[in-house]
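Reviewing the structure listed below.
No lab work stands behind these numbers, since they all come straight from the coordinates. Everything numeric in this text was worked out from a predicted model, so none of it was measured. Cβ atoms come from the backbone with ideal geometry, glycine included; neighbour counts cover every protein chain shown.
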DNA sequence: CAGGGTTTTCGTCTTATAATCGAAAACGTG
DNA sequence: CACGTTTTCGATTATAAGACGAAAACCCTG
């Protein structure tokens, strides 16, 4: 079991990796993970691994990605990995162990085994779900301005999105709501932005993406 | 490893099940499956299991569904299952073993373990993908009329869809093309329908379902 | 404290795609 | 050959997203 844990920081999508101290693939960077224990589901187990091994407890979303089973993905012995996508909000800052660090997915260091492929799969899953779910709640802080949310979406998707459209699309879907609060404007002045929040912290799929609807 | 194999027949979505002869859950119906062999991926393995155990070789689509890992899903011992969605076209008619049969997903018999949950997950996956992919190719025969395709989609989705919209939506996406042939009209007369086919037999995702597009 | 620059916000317009409707085409049957 | 039937296709309507610009609300400078 492995987890591709992603977050947004410094306008970039980052992944959590630890550097291997022992063979095989010494010094290369690995995804955190571990073995399934008795009496737990794989979802509970991967959360436990992340809490115990890299002290990450802020996961706002965890979902299964895929089973990776290429025969020689780990040279020498047969290892089948159940991979997960994990997300933590950009305001969370877990204290990481020495050998662990965040790396931008755009500029990954040398990774062990097929962990780069797993991370790219995780990124694609995240990007797809940003389109048709409210999964942004898992990346954003509890409250945020539209400009901050635009930066989060832009970094995750890899291209600039329009703050206007983002606001309107998410509001229309009922995913976003205004808190009524505003924050003071920045050093350059400008109208003070309003604070928003996601209406739900559970994954919800937009029904508008279902085409071929039942007749009314 | 287990497979929820689905097809359309008699205007209904059917699942392939075999009746258990031995405990636990004797006489209840199970999904086909088996153990991963050395040197094969889980996808190759599940295709091999289906070919060897229930003689099904007509799979037009196979994809991972989910890992099912509830601790007591198999009473007594720990069994983690990687579940798959498999599809076969409605014109295929594999010869099944004695203890194996098709059952409408709407009226499932008593199933073993969590296999009903797995089948419902498979059905939801299929229904979702009918909306935003060309996955209909895996259920339909090589060539078909629009009315036949409407019946296939209606049975899979669980509600009547409009033949007009189905034709236009799939054509607009470039998923459907006319063969130029027509078939003679039925006993009640009527204009002889044209034959269509899917342009691709590989899964393709509609780009139109991606919202928050990059700026032009 | 007035004016200019800045950022946010919101309404309007345009575009894209799907749903609905109805007429015309093309066949069998009596 | 008129009639019912089914398919096909164009026209219209509905819905949602993208683009654009004006107005709002702030800061800073002179």
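List of remarks:
- Here the Gaussian network model covers chain B, with springs between Cα atoms less than 10 Å apart; of B:156, B:128, B:83, B:128 fluctuates the most.
- Whole-number Å³ per residue for the convex hull built on Cα positions in region B:9-79: 144
- Between residue A:171 and residue A:201, the simple label model (points 7 Å from Cα in the Cβ direction) yields a spacing of 2.5 nm.
- The protein assembly as shown - share of DSSP beta bridges that are antiparallel (%, nearest 5): 80
- Rg and Dmax of region A:139-191, based on Cα coordinates, read 11.8, 33 Å.
- Taken along its three principal axes, the alpha carbon spread of the protein assembly as shown comes to 79, 51, 35 Å, from the longest extent down to the shortest.
- Along principal axes, Cα extents of region A:89-216, largest first, whole Å: 51, 48, 24
- For the pair region A:102-171 / region B:157-195, the C-alpha centres are spaced 39 Å from each other.
- Region B:8-38 versus region A:44-78: alpha-carbon centroid distance in Å: 30
- Fewest-first ranking of A:183, B:42, using other Cβ atoms within 10 Å as the exposure measure: A:183, B:42
- Per-q log10 I(q)/I(0), chain B, q = 0.10 Å⁻¹ (Debye; single scatterer per alpha-carbon; no solvent): -0.50
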